[in-house]
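Here is the structure we will look at, set down as structure tokens.
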Amino acid sequence: MTSRRIVIVSRIFAPEPAAASFRLRALARGLTERGADVTVLTTRPPASTPIEPEPYPVRRWPVLRDRFDYVRGIVQYLSFDVPVFFRLLATRADLVVSEPPPTTGMAVLASSWLRGRPYVWYAPDIWTTAADKMDVSPVVKKSMRLMETLAARRAAGVLTVSEAMGRELQDVTGVGWDKVLVAENGIDTDVFRPDGPVADPGAPYFVYAGSMSEWQGADVFVRAMPKVLAAHPDAQLRFFGRGSDIERVEEIARRLAPGHVLFEGLRPAAETAEWTRGAVAALGSVIPDNGYDFTKPTKIYAAAACGTPVVYAGAGVAAELVLDNGLGAAVAHDPDAVADAMIAALDRRSDPARAAENERLRRERAGWAAEHASLAASGRLAADWLLQGFPD
């Protein structure tokens, strides 16, 4: 058993419902299981969020949030990054693990240099690639690229969630592949599983569970609803989550499908799993050619773990993931194509002759997730790599 002291630094952590939160919790638990002395430096969650105890200290700091309760934006980031720089200077550690944004990477880089200790950059996505496609000033883009490049290059090791993401990071920052570990993303298969309570609102429904940001284009599912309702008048679309694009999506829903699109807000993971188990299909999307074609949304893993089929709108590795593993349908990010896939899912669900086939497919999807999408297994892989050493 090792007693290595490891500090995880992130502006978001469990119980806030986000892929980063649960991925980092899986890492922290994997390290703790292996005898490491783990401390998490993070933020206080929104006031309504219940905090569950963890088997390691989680030190939370008050932080500025935007109107959607996200820590999102330069001012919000710095409200965490500046204090965490000084918190790190006062914290003993053998290794620090840093989650983006790049501003946090700079706080970790500077404090690690002053304390003479290594850090690892955990890169679940490439911020500067996405920024190139967004309406932000050239100064911000250049600054983010410089910070992300420095954070990756100066790190003793780099963790990422897919080979495609790692290769993109290599292209953008020039980081050496020899110090990159791919620990695939996943889901908590103890919570998201095929057995368990099932939500039943009395009508067939689709679930979109997760962030609604500009680059995801979740409105494509709302735009598909008029065509879906023409074939299945009682169908519903339920959104679980929040994001910077939610007000626009809500406005489109009021115009195109009033009463059939419901926004449930943030819900605990167990409750989201109940709704996912009962859904006709779970929905996920990424706007193509927007800098995120190499991402694999956690929504796909959550649906598969519950045995629920996916309707994915977009291209890239996520579409390949769905098609190659029989997890559902992957179509163009287009309302007509999406509507056709949603109608096909409703037709399959309502056909008694396909009940046995549907149940078989549900078991196969859940079995695939248990084998290939366990977040606990991914956390243990990353923990082993950190504790066994990585290239200097």
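Rule-based calculations on the coordinates, nothing more; no lab input. Only a predicted model underlies this, so the values are computations on that prediction, with no experimental measurement involved. Note that each Cβ is placed from the backbone with ideal geometry, even for glycine, and that neighbours are counted across all protein chains shown.
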Exercise for the section: For region 219-237 and region 261-305, write down the distance between their C-alpha centroids in whole Å. Expected result: 17 Å
Practice task
Run the dipole for the chain about the Cα centre, Lys and Arg Cβ at +1, Asp and Glu Cβ at -1, nothing else charged, and hand back the magnitude in debye, nearest 20.
Solution key: 1260 debye
Exercise for the section: Among ALA231, ALA305, ALA151, determine the one that fluctuates most according to a GNM of the chain built with springs between C-alpha atoms less than 10 Å apart. Expected result: ALA231
Handout entry: Theoretical ellipticity at 222 nm over the chain - DSSP helices of four or more residues, -39500 (n - 2.57) apiece, nearest 500
Key = -14000 deg cm²/dmol
Handout entry: Whole-Å distance, taken between Cα centres, linking region 310-349 and region 38-116
Key = 37 Å
Completion exercise
Quick P(r) readout (region 18-117; Cα-Cα; 5 Å bins; whole %) gives 2, 11, 22, 24, 22, 13, 4, 1
Fill in the blank from the handout: Taking N as the residue count of region 205-372, its alpha carbon Rg divided by 2.2 N^0.38 Å gives 0.95
Exercise for the section: Could you run the Karplus curve 6.51 cos²θ - 1.76 cosθ + 1.60 with θ = phi - 60° over region 85-92 and give me ³J(HN,Hα) per residue in whole Hz, x for Gly and Pro? Expected result: 4, 6, 5, 5, 4, 9, 10, 7
Handout entry: Computed over the chain, Cα set: Rg, Dmax in Å
Key = 20.9, 67
Handout entry: Packing rank of 234-246, 14-26, 351-363, where each peptide gets the mean count of other beta carbons within 10 Å, highest leading
Key = 14-26, 234-246, 351-363
Handout entry: Environment charge at VAL175 (Cβ cut-off 11 Å; Lys +1, Arg +1, Asp -1, Glu -1)
Key = 0
